[in-house]
Structures are given as C-alpha cells and as structure tokens.
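Some notes on the structure that comes next.
The values are calculated or read from the model by the stated rules, or taken from the named source; none is laboratory data. Please read all numbers here as calculations on a predicted model, not as lab measurements. Cβ atoms come from the backbone with ideal geometry, glycine included; neighbour counts cover every protein chain shown. Heads up: the accessible areas ignore ligands, DNA and RNA and are worked out on the full protein's heavy atoms, side chains in. Shrake-Rupley method; radii C 1.70, N 1.55, O 1.52, S 1.80 Å.
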Amino acid sequence: MKQTIGELGIELSSDSKMDLKLTRNSESFHNPNSSNYNLNSFNQAPQYFPNLSPTNFLSRAENLQQNLKTKSTNTFEPNLNSGMATQNPPLDWDPHAMLSNLSFLEQKIHEVQSLVQSIIEQQAEFSSRPSELATRQQLATADLTCIIIQLISTAGSLLPSIKNTLLSNNPALRQLVNPDFNNNLKCEGLMRNFPETAKNSEYEDLLRNLDNEADWMKEPNPPPESDIVDTNPIDEHDLKESDDGDAEREHLPPGSYIVLQLEKEEILAPHTHFCVICGKGFKRDANLRMHMRGHGDEYKTPAALAKPSKEPGSDAHPVTRYSCPFVGCKRNKEHKKFQPLKTILCVKNHYKRSHCDKSYTCSRCHAKKFSVIADLKTHEKHCGRDKWQCSCGTTFSRKDKLFGHVALFQGHTPALPMDEVKASGSGQGNDEMTEDLGGYNGNFASEECLTGMDVKGIDESRAYFSPMNFDGFGALDEFGRGGFDLEDNPFAFIPSGFGQRSGDS
Amino acid sequence: MEPEKRMDKRIRVDLNLELEQNPIIISPFESLSEEVLFLILDLLNWNPLDRKSFSLVSRSFYKLESCHRRWLTPLRSDLLPSILTRYSSISHLNLTLCSRLTDVTLASIASLLSSSLRSINLSGSRSYTHKGIECLADKCFNLEEIDVSIRVDLGDEVAAAIGKMVKMERVNMGRCRKVTDLGIGCIAVGCPNLKLLSVKGCVGVTDLGVKLVAVKCTKLKSLDVSFTMITKKCLPAIMQLPNLEEFCMTGCLGIDSKAFVILKQGCNTLQALDMSNCEHMTDSGVLSILQKCPNLFHLNLASCSSVNVSILSGLKSMCKLGSIKLDGCKVTASGLKSLSNSCISLKELSLSKCLGVTDEGISVIVAKHKDLVKLDVTCCRYITDESLSAITSSCTSLVSLRMESCTKLSSKGFWLIGQCCPKLEELDLTDNDLDDEGLRSLAGCHNLVSLKIGICLRITDNGLIPIGHSCPRLQELDLYRAIGITDKGVSAIADGCPHLEMINMAYCTNISDESLKFLSKCSKLCILEIRGCLQVSSAGISAIAAGCLLLSKLDVKKCCEVNDAAMFSLARYSHNLRQIHLSYCSVTDAGLLVLACLGSLQNVTMLHLSGVSPKGLATALLMCHGLTKVKMHSSFKLSIPQALIEHVESRGCSFHWMNKPFQVDFESSELWKQQSHDLFVE
C-alpha cells in the first residue's frame, strides 16, 4: 500500500480533518468516470422517488451531490452498470444476503471463541513468551472489531430511512447487502453517504475509530486507490516514504504557492486539537468532538458531531506549501535551492527526522534509533525477520539474496534458523548419547560370545536384553520436536486466512 | 545344524584340492597363506551360509573372514555394535532392512567403523534423527556415499549434517519432504566432491537450491530433481555443469518447452535425460534439447502427452540418441518413420502403452535399426504376426522383448522369435494367446534368463518341457494362472534350470507336492509363489524349505493343506525367509509361534487363519523381533491388547488391518481372464 501511494505522490494523513488536504486529494483523484456515473445516477434518481416531496428530494439530492463531490469516495465501482437499478425492483431487501451475513458473523464469533479458548489453555506457555500473548490478544481484538463492523453494517441495511428510499438506487448499498462484501472501508464510505440520517455520524465516528485498529487487517494487495483516497485514517508509518513531500516532483514555479512556516514548538506539540472548555489536547478532531459531548447537550446534536463540511469557496484555496523552521535546511525558505514541504505532516516528520534527537530505540536489536515513532514501528516490523542467515553471520531479508551471497563466496553456508536448532536440543542430546555410547562399548567388548551376525548368533541372542532401546532418549527427542512445531507456526490453530494477516502485523 | 555341516564338507573339498597340489604341507588349515584364503573368500559370494561355514573352520579362519568382509546387510540393528566389533573393516553398510535404527546405534557405528566406512544406506529406516547423522559426520571422515531417502519427517538438519562430510560423493535424499533449499545449500557448500545428488520428491527444493548446487558442485555427474518445484530458471546453471552425465526431472510441472528453447547453452557431456511425466513438454522443447545436448544417449519421454514423435524428423541424422522411452505417448506410423530416420544409432526403444502403434510403424522402425537390443511393445494391442516377422527378420541381436497383452499374435509369430532371436534373454509374453506349439518353438532362445508366460491359459507341459531342456540359464519363470501346467512340466524346469531364482505358479491348480520336491533341487530359489495351488501340502513346503535355503519370499495363500508341519520346516531351515503370505492356510498357534522364531522374518500377511487364536497371534507378534509389516484381519484389532500393538509398533512394525470377507471358493482362471478382458473392452 505504501508503495502505491508513494508512486502516486499522494499524501494521506492520520489527521483526516485537514480540510485543505482533503480537497486536494479529492481533486487529485477526481475520476471522470466515477463522477459521470454519480451524476447519472443522480439524474436518474427522480423516477425512483416519485413520492418524495420536491423540497425533500432537493435537499436530499443536494446532500448526495455534495457527498459525491467532496469525497469522490467510490465505494461504487465506476463500471457498475447504472442500468442495474432498473432491473432490481425497489425495496428489495434480500433476506438471503442477510442470512449469509449473519452466518458469516456466527462463524467469526466461533473463531474468536476458539482463539480465546486457546489463549486460556496455553496461558502457562505464554508466561514465558509475553510477546506471543500480545499477538494473540491483538488478533482477538481485531476479530471483534471486524465482527462489530459487520454487525453494524448488516443492521444498517435495515434502517428504514435508507431502506425505503435509496436502496434501489444506490449500488453501494446493494454491495452492502451483497454477501461477499468484506471490506470495512466500503461500509464506512457507504455510511457517509447518508449524513442526514439521525445516527449516521455516530456510526461514522465509531467506524473511523475502529478503523485505526482494523487498518492492519486490510488485504495485502492495496485496493484500487480510489477506495482509500481521503476517508481512511491510515497509520502514520504507512506514509513514511511519501511524507517528506516531494515538491520537486510537482515543479511548482516559485511564487505560485503560499509558503507557511510553523514554529518549532508548534511542530513538536503532541496535540493539535484542544478543548476550548477544559483544554485537553487531542490528535484528531473526531476525538475532540467525541470528547465535547461530555461538556453539554449542545455538543450532542448531529450538527455539532458532524464533520465540519468545507466552505463552498474552499476549492479556490490557494496552493499552500510549508517551510522548515530550521535555518540552513534545504527545506527552509531562506535556502537557495528551497524545496518546500507539502503538508503539515511532512513538516512534522521532516523536522523530527532531520533536526531532533533519535530517542526511540528498537527493542529487538537495541541498535537502530529513530526520532519518529512510526519509523520505529516500521523497523520493528522487520527487525529480526531477516531470517535468512549465512554462516558468516550476515542476514538477509530475502532467500534469493542469501543464496546469491553463498554462491559468491567460498566456504559460506546457509545457516539453519536458530530456533529450529535450539528446539531440537542438539547439544543436550549429543551429550547424553556419548554417555550411553561409553556404556555400550564396554558392554559388547566383554560379551564375546554374542559376536556374530550369523543366523545362529541371532537365534541364540534373542533373549539377550539389549540396552539399545533408549526410549527415554527417543521420547526426549520427540518432545523437543513437538515444541519446535508449535513455535514454528503459533497461529496453526487459526483459520488460514487469519494466519496470513497476522503474519503481516 | 545340518546345513552347516554340509557347507563344511564343501569347504573341505576345496581345501583337499589345494592339498593335492602341495602334498608336503601337513597341517593344511594353519599353513595356508592369507592370500590364498582371501582368494577363496572372494569366490564365496552368492551364498552367505558359505562364508559362515568358512569362519567356523578354525580360529584363524574366523579372524580372516572378519577382516575380509567389506559389505554388510544386517537384519536387525540391536546386535549391530557387537557385529561391528567383529567386522571392523566394513566399508559398505546397508541398513535398509533394519526397521528401527536409533541415533545411539548410528553413534556406535560411527565410533566402531570410523575410518573404514565409505558407504551407508539408511533408506527407509525409522527413528534416527539428524543427531545420528552428525555423529557419522564427526567420526566417519571417509564416508563417500549416504542414502537417507524415504524419511518424510527428516528436515534440513540432516542435510546440514551431511554437509559436514567433506569427502561425500553420492547423496540420496529422495522423499525427504521437509528438506528445503537451505539444506541443499549446506550440502552444496560442504561437499565439493559431490558426484551424485538425488532430491527426488523434496517438494521444498526450488530453483535457488538447485542453482547453488550447480554453482558449487562442479564435479556433479548425476542429478535427480524429480517431483520438485524447479522451473526454467535453474536450467542454465545445470546445463553449465562441466561433468553432468545424467539428469532426471520426472514430474517437474514447472518445466515447459520454453525452458529449453530459450536455453543458450546445452550440455555436451549429458548422456541421460529423464523428462517423463513433464506434462508441459512439447515437440519444440524436445527438439531443442536434442540440438543442444549432442551426446545424449538415453531419453525418457514417458507420459509426455503433448510430445509428437514426428517432430524428430527435423533433426539431422548426427543424433547420438541410443535409447528412447515413449511410454504412453501418442505415436503414429509416420512419426516412427521420422524417428527411425533421425536416430540412426537407436539401440533401445520402448513404446509401452503407446496408442497408435501398428504393424507399419514397427516394420519401419526395425527395418532401419537392425541392431536394436531392447524393444518394449507392452499393451500395443494392434500389432500382429506381421510386426513379429519384421522384428525377427531384422533385429537378430535382440536381447529383451516385452510384449505383454499383444493378443493378436499367433504361434507363427512365436515360432519366428524362437528361430531368429538366439540372443534373447528377457521375454515377456504375459496375457498372450500362446499355445504349446508357440512355447515349444521358443525353446530356440537358449539364452533366456527371464520368461514370463503368465495368463497364457492354453499352454501345457508339452510346451514347457522343451523350455526346461533347452534354457539352462533361466532364472525367472512366471507361470501365473497357466492352468495346463502339471508336475511333469515343473520337473523338467527343475532339472534343466539349476539357476532358477524365482518361480511364480500361482493358481496353477494341477501342481502338487511333487513339483515342489523337484524344485527343491534348485538351490538358488529365493522367491516361490504358489498361491491357490490347492493340492500343495506341508510335505511340499518342507521339501522346499530343506532344499532351498535361500528362500526369502514365500506365498502360500489359499493353499489350504499347508499346516503347522510346513511352518516347523521353515523355522528350521529358512533362515533367509523375509516375507510370507499365509492367508487361508491351516496354520495354528503352534505353527505361528515357531515361525515367529525366525529372526529374519519381516513381512507377514495372515488373514483368515482359522486355527489361530488372538492369544497365539499376540505371542507370535511379541516373539518376532524383526517384523516391519503385518497384515491382519481387522477383527483381531479388538482382541489383541492395544498396548501390545503399540509396543510392536514401537519396534518399527506397521500394522495393516484388512477387512476382506472370507472367500469360500475361487473362480476358475478362464472366468477370471474373461472378466479381465471384459474390463478392457469397457
């Protein structure tokens, strides 16, 4: 996902409330096809709402239009045939789809159940491996998140205000009741299409908050970029590569944009949104709005809770770029070859990386240091995962690199993974074996009468008790191997789909 | 102890000969020089009991025999350390018969045979792990060959251990499914002298590992990567190996024609290439291989369904190809014609189960290649006597001819074989329309070693007796369901074929004890199948047991007259008996117990033994230490204690629980043949 975004030169922010950026992004993703489609569906809309009063319809249509325009979200697919609407009768609530959704939920709940069960059963083992327990817990949380999202969206399809009016006309909603949907992003985008619905904004906030956790559950292959434009608060570390703002790629002529320069303190401030009443700071506006509800009923109205919509004239907002406050930096506007930074997030990350101490140390290798916590997280994801190791100690993240290295140098050997060797307990076994062997040689040297592989010898010695069957030894060995198997794939008991994703986290 | 005495006499006869040449020597045994005794030992090879008798002559003979032995194939691993203290100069150790082989055993082998051991075969043995192999790697610094195949649970650690053996030349890791590129990489780096490597069926091995082997082991002569995930990426590296002679890639689905077409450089040294079951291989691929590997002699294209033979016509006639297997391919007469035109030095051709083989095709091929040595036309059902006359008129030096299920052949054709192919050693006429006249004429093939005439219902003694008279070299005779054969025919075989090692007389219902008494003269007999011969009783089996001491495999299923008496004789004489099939016999607990005392016994099938009780069975299982495989009726599963079964299994035995109903009477062979033919027609 990171790569795709980087290539497109698009910046996404965890702070989705930056209106300025939202506009730009939506513009950059303005897809003529989808907009056409949206307009089409809008134009066709009247014939499906014959009973609506003109004013009602107008406001509804306005809303729709605005939504489509500002978000260009495209939970709809551009090639979706708008004529489909004519084929499907309105009020078509599909109980089969609902049933399949419910059974999906049921299956999901069972999965979580078994996961939690296994955590309980293996509690003793986890005490020695806390990180694994954390992984399992994370997995359970993610599962639950998924279930909640599914539940809400399934229930959402039943909301009367939607059901009777827009279902037939809105392909996205049909997608919702479609049994095969599983992308929670779509649900979110979908919900936003109905801001006038009483409880919608609450869903929205809830979904967005959940999204932060559910983010990692996304499919490994990025969905079409139109899906992730501006609506998704993506974790900061996913944006690392693009957030130094490559203005040079834009080739904006100097003077064609406004340059803003934030102060150092402003850049390093942990919070950007503050409660006007109690002064508490928040990273996200949505969280602030949720917080505000505690200060009185006036903050609980849908209008107050809704995301502040853009000013009509915001489209004409002049292009803004940012300058680093550090004098002498290339990103500082005083510099001869000044290269502006694109967004506030770029400024933050640039300043921390280039002009601050690297205070975050990797807890795995204790060597790498970072000043941006997202960078640390990204590193920790891969740290220690260079599982391809050479006998010389060099590690590689890819198998073919290791084999290239081994092929190049004389005497270098691919090394087997350490935990594998450890689990089989070779050292211990060898010691035991040599001891046993000592007993052996003496034994057999003294029993000359038993020497002979001939048939007679075998017959005679049938009753001879052989110390050969070191069952204790064999048992130890088998035990060791069992341990290794467990370690090798800690998610063996989880359905395969999940094992895959958890590997990425 | 009768056999030993007999052998002693034999040795004494040898020594007396020596004495006649040197009459001055008074004490013959002590004064014979070591060189002479070693020479004698060199000649005592085919019967293991001879060597035993030799070592029993005197103390010095015993010592000499211990020093002389180089090869050892023990049946049981638990006595191995004591055996190896006696035989300290063993260089080739075959442990395939030891079902259970612990790391401790391997460690003791390593310490006892540290410098002499050169080759060890652990194929199929269970229980050992990489630790045992590491012991071998530590101490046996001269080890050159190791076989750890058929251990699906062995992983990269074993390969890494093998990688520590610097002098290693030949490694077989077939079907070690858990071995990956890492393990292969360890071997590639650690064994620079590697000449043979087989990673057949190691599904974890990919291009990377094979490529590394090709880069590091430049002395490699033979490489087997069958049934792995390799693709065309590793082929260039393999083809650059300067000494590669044999390359096998059966069932590599990742290899297609393009892989060879785009190959820039072929391998000049490559002589044998096996591409059977490569489904994606097509004509263009085969053509480019032949162009790029000019010295190729063996080519196996079996089951490559998309290969069309006629493409070979594009080849220049300089092709050195001598042996082609086209089993199961689509073949046309024109295709065979172009094949015969392009492959001028063809010696061996297999068209087994090829559709479209006709008289015309065969005639074209054999007309061009008069020095064809091997021809396999199994299941080419459309060829007639015309083909045979073409084959026999031109290929007079034919050594092997396989024509199973060529039902359109008649006695005229067989007569031609007998007349024109005196060099024939191997002849397979199973399920042909062979009659006495045809069989009699086959007696002209005096050099026959293997003759298979199973399911030829029309042959009788009149046909078989001439074979017995004129084929003294015969070792293998298959008379399966040849119902016309009686004791008379078998007696002729027993008299005329002293080298007989294997005879199958299953369902020859006219055979009686007399036949077996005749056959007991064939002292080399090791495989005897008399399934369903209802007239055979214990007397016959006893005669065989006493006469054929090398008997290793015996099938007496449905010989209802065989009872405990036969088992007593077997227990007394047949110390080489490894496999026995006893179903439906009249054996009781006593017979089974006596049989179980045979240390060599490994594989027993005993279904529907009415006289055997669960208790007797359990005791027999406990007594028989060497068992590796037992087939029993599933009703015993409940009556034998589970703990006992587990105990026997822990010694390396696997149980096969059968649930076949008791068959009261047996169908006649005519009916059986008719049914099998009906199946074919359907």
* Asked: Alpha carbon centre of region B:479-542 versus region B:634-658: separation in Å?
  -> 34
* Inter-label distance, nm, simple model (7 Å from Cα along the C-beta direction), B:D138/A:T141 -> 4.8
* Taking a 1.4 Å probe, which of B:K325, B:K131 shows the most accessible area, and what order do the others take after it? -> B:K325, B:K131
* Using modelled backbone amide H atoms (1.01 Å from N, in-plane), which distant-in-sequence or interchain residues come within less than 5 Å of A:A415's amide H? -> A:Q389, A:C390, A:S391
* For region B:212-258, what ratio Rg/Rh do Cα atoms give with a Kirkwood hydrodynamic radius? -> 0.94
* Asked: For peptide B:110-121, how many partner chain Cβ atoms fall within 10 Å of a residue's Cβ, on average?
  -> 1
* In what sequence, largest accessible area first, do B:F518, A:F326, B:F141 appear using a 1.4 Å probe? -> B:F141, A:F326, B:F518
* Using 1/(1 + (r/R0)^6) with R0 = 35 angstrom and r between the beta carbons of B:M623 and B:S60, what's the FRET efficiency to the nearest 0.05? -> 0.45
* Structure fact -> Computed over region B:27-159, the convex hull of the Cα set has an average projected area, in nm², of 8.3
* Structure fact -> Yeah, region B:230-323 with a ≥ b ≥ c from its alpha-carbon gyration tensor (a/c under 1.5 is rounded, else prolate when a/b outruns b/c, oblate otherwise) is rounded
* Share of alpha-carbon pairs per 10 Å distance bin for region B:616-682, given as whole % -> 17, 35, 18, 18, 12
* Asked: Just counting partner chain Cβ atoms within 10 Å, what average do the residues of peptide B:198-209 show around their Cβ?
  -> 1
* Structure fact -> Given pairs B:K167/B:K320; B:K330/B:K368; B:K517/B:K558; B:K521/B:K615; A:K307/A:K348; B:K195/B:K452 and cut-off 26 Å on Cα-Cα distance, the over-length ones are B:K167/B:K320; B:K521/B:K615; B:K195/B:K452
* Asked: Can you give me the pair-distance distribution of region B:492-636, C-alpha pairs, 10 Å bins, whole percents?
  -> 13, 48, 31, 8, 1
* To do: Find the centroid of the Cα atoms in region B:84-129 and in region A:330-349, then give the distance between the two in whole Å.
  => 72
* Structure fact -> Rounded to the nearest 100 Å², the accessible area buried between B and A, both sides, probe 1.4 Å, is 4000
* **Surface accessible to a 1.4 Å probe, A:H412 within the full protein complex, Å²** => 40
* To do: Counting only DSSP beta bridges with both residues in chain B, tell me the antiparallel percent, nearest 5.
  => 0
* **Descending Cα extents along the principal axes, region B:555-679, whole Å** => 46, 32, 23
* Asked: What number in nm² do you get for region B:46-110 if you take the convex hull of its Cα atoms and divide its surface by four?
  -> 4.5
* To do: Kindly provide the Kirkwood hydrodynamic radius of region B:422-532 in Å, to one decimal, from all pairs of distinct alpha carbon atoms.
  => 13.2
* How well do other chains shield peptide B:182-191, expressed as the mean number of their Cβ atoms within 10 Å of each residue Cβ? -> 5
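At a 1.4 Å probe radius, which order do A:K399, A:K300 fall into by accessible area, largest first?
Details: A:K399 50, A:K300 105 Å².
The ordering from most to least exposed comes out as A:K300, A:K399.
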* Diffusion coefficient, µm² s⁻¹, Stokes-Einstein with Kirkwood Rh over alpha-carbon pairs of region B:403-473 at 10 °C and 1.306 mPa s -> 137
* Tell me, how many Å apart are the Cα centres for region B:130-158 and for region B:425-445? -> 48
* **Rounded D (µm²/s) - chain B, Kirkwood Rh over Cα pairs, Stokes-Einstein at 37 °C, 0.692 mPa s** => 117
* **Estimated distance in nm for a label pair at A:C383 and B:N462, the labels positioned 7 Å out from Cα along Cα-to-Cβ** => 9.4
